[in-house]
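The next block holds one structure in the form of structure tokens; read it before the comments.
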Amino acid sequence: MKHFHWFLCVAKNCDWSRKWAWVHRFLNNCGTPPEDRSSGEPSSQKIIDAETGIIKEAQQETFQEEYKALVNFKSVSQNSKLLSLKPKLDENG
């Protein structure tokens with residue numbers, strides 16, 4: 001649960017999603033020829049993708065055992081705090 005505090009700080013500040021979209025674009029552009037690089041404002045979909053990525057990473061770090069079980073098509077532990085929420089993986093993992 002050590003990373004959960006970080007996740008809440010990020011989730012409360014939607015500007016982080018926009019910043020992460022810019023960082024992601026920069027990293028992608030670093031290995032791309034100049035004529036193929038992205039430019040302009042990140043699209044709303046890129047910002048949503050960045051936010052989804054932040055949430056996914058925070059969940060995987062915070063609930064490692066539960067995530068591992070779900071990826072392997074198993075149930076989460078009976079001792080898990082998430083059990084009552086009936087966790088499952090969606091199309092975003």
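When region 71-86 is limited to residues that are closer than 23 Å to Gly53 by Cβ and open to solvent by less than 40 Å² (accessible area, probe 1.4 Å), the one that is modelled with the lowest pLDDT turns out to be Leu82.
For Glu51, are the conditions met, namely being part of a helix (DSSP H, G or I) and touching a residue at least 40 places away in the same chain (Cβ under 8 Å)? Judged against the criteria, Glu51 is not a match. Of all residues in region 34-53, those being more than 19 Å from Asn92 (Cβ to Cβ) and open to solvent by 80 Å² or more (accessible area, probe 1.4 Å) number 6.
Listed here are the residues, each with its yes/no results for (1) open to solvent by less than 70 Å² (accessible area, probe 1.4 Å); (2) over 19 Å from Gly93 (Cα atoms); (3) basic (Lys, Arg); (4) modelled with pLDDT under 90.
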{"position": "Asn29", "(1), (2), (3), (4)": "yes, yes, no, no"}
{"position": "Thr32", "(1), (2), (3), (4)": "yes, yes, no, no"}
{"position": "Ile55", "(1), (2), (3), (4)": "yes, no, no, yes"}
{"position": "Ala69", "(1), (2), (3), (4)": "yes, no, no, no"}
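The values are calculated or read from the model by the stated rules, or taken from the named source; none is laboratory data. Treat the numbers as computed from the prediction; the structure is a model and nothing was measured. Cβ atoms come from the backbone with ideal geometry, glycine included; neighbour counts cover every protein chain shown. Ligands, DNA and RNA are excluded from the accessible area calculation, which covers all protein heavy atoms including side chains. Shrake-Rupley method; radii C 1.70, N 1.55, O 1.52, S 1.80 Å.
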